[in-house]
Each structure stands twice: as structure tokens, then as C-alpha cells.
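The values are calculated or read from the model by the stated rules, or taken from the named source; none is laboratory data. Just so you know, these numbers come straight off a predicted model, no measurement behind them. Here the Cβ is made from the backbone with ideal geometry for all residues, glycine too, and neighbour counts use every protein chain on show.
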């Protein structure tokens, strides 16, 4: 009971941190000054970073970098070129983007792009390989007509 | 011997709207988005930290899974909020709850300390409900 009472009144603190996180989610491609976010959230920089890390497991800067890489993955999946992805998610140099991407994802952005181009081709050519047979078998007319049509 | 669960289905009223909800509001990732022809689409998403469990967003309409009659009955049941599909876990329920609320997710129970942890209940865009839990919320 005492713990519940202790946590709930602090919801206003959570709201400030969550708003800061959402600000990063929306403005990740901009040159975000973390000092400004801390000020907006009415925290000292140190307190802000400590609370942010406690909730999200990453400092605001680490979270920003991970968000940019996640957005980069999404753009690469949509067949955007590596150079365009790099600048549109907020990096200023290809080498720093590629280096961080490889460190987080495990492969280079160009390898990731190629990997997803291949997956898309396979989905287009053989959609049944990506769908459990039980769902396909549920409706044989779909299997015989639509799937073949989709594979054309 | 069964080793794991690879796919689980959630019945949704509209796949486009469900995509928006699960990707943009819950922060899930698209696993497979494959056209199946004639307005059919195989759409699976995964929770951020569980990439090997595909959540299939099955549209409740005549075709892949349902006859016309079954689809009509199912749509009514889904709309009424009949189905609770599972429990999602998070590391910090208060932050997760606040973020989802800011994104417009409807909660039917605000985070509350229970004997098994802290729990909230929310609905997806179709009316399906889920529990949101933080297991380690109650240690003492």
C-alpha cells in the first residue's frame, strides 16, 4: 500500500520523461540538443538522464541513436538507398552511420538493404513460403487462384 | 515434441487500421506483409523483444479463414469486446501506460497493484482486450 502511494503521485514525473521520449521519437532526424529536452522536462540534465535510463534502459543519447537506426532499418526495408537513409535519419556522415548500424544490427546497411530486397522478391514470387500451410489450406480457392495470381 | 509457439492469431476488423495500431501505437514491428491476391494480405507483427513469435492480424471477413456467415457473427463478437487475446509484459508499466494513453489507446483498467504484479487492461482498435503487466512490480 505504501509502495503504491509512493509510486502513483510520481506519475507526473513519468509523463515528463515519456513526453521527452516521444519528442525523440518524432524529431529523431533533427539535431536534438538533449540539454533542451531536459529543460523542457523541467529536470536538471543529470536527473533527467538518470530517470530516462531507469525507465528505458538507455540514456537519451543512446535512445536517440537506437531510434535513428530503427528508422534506418525501416527505410532500408522500403528499398531506400543507404546514402538517403543516412541523411534522412539525422546522421551527418556515412561512415558514422554505417559504423553504428553495423555495431547495433550486426551487418552493414548495404547488406541489410540487399537482404530485404531478396526477402521481398521471395515474398512476391513465392508467398506461400511465408504463410503457414494451415491458413492457406483453410480456403482452397484462395490457394489455387489468388496465390498464383499474387505470385505472377 | 512441441518446442515453441511460432504464430498466434488476433482477429481484427480492419488490417490497415490494425497495422496503424500495432505498429505506431504499440511499437510492434512488421514481420511479414505478403499480398495474397484479391484483397487478401498476410500480415504478421512481433513485439519489440520477441521477434520469433509472429502475431498474425487476421481480418474478420469472408475469405481466408471465414465463411460469410461466420465472418458476420465474428465481427459482432469482436466489436463487442468479447475476446481477450493475452498478456503483454513491459518493464515499466507506468511509463508504458502513459505513452499508450498519450497515443490514444483506450484503457479499461488503469495500472493497479495485484498479488501477481501491476496490471492494466487496454483495447486494440477492433475491440480486443489485453492485459498489460509488469511482473517485477511487486517484490515485497
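Of the residues that make up the stretch B:56-75, is at least one within 14 Å of another protein chain (Cβ to nearest Cβ), modelled with pLDDT of 95 or more and under 30 Å from residue A:17 (Cα atoms)?
no
Among the candidates B:92, B:125, B:52, single out the residue that is touching a helix residue (DSSP H, G or I) at 6+ places or on another chain (Cβ under 6 Å) and away from chain A (no Cβ under 13 Å).
B:125 is the lone residue from the list that is touching a helix residue (DSSP H, G or I) at 6+ places or on another chain (Cβ under 6 Å) and away from chain A (no Cβ under 13 Å).
Looking only at the stretch B:8-41, how many residues end up being touching a residue at least 12 places away in the same chain (Cβ under 8 Å), over 20 Å from residue A:122 (Cα atoms) and outside any loop (DSSP other than H, G, I, E, B)?
Here the count works out to 15.
Among the numbered conditions (1) outside any strand (DSSP E or B); (2) under 25 Å from residue A:126 (Cβ atoms), tell me where residue B:44 comes up short.
Every condition holds for residue B:44 apart from (1).
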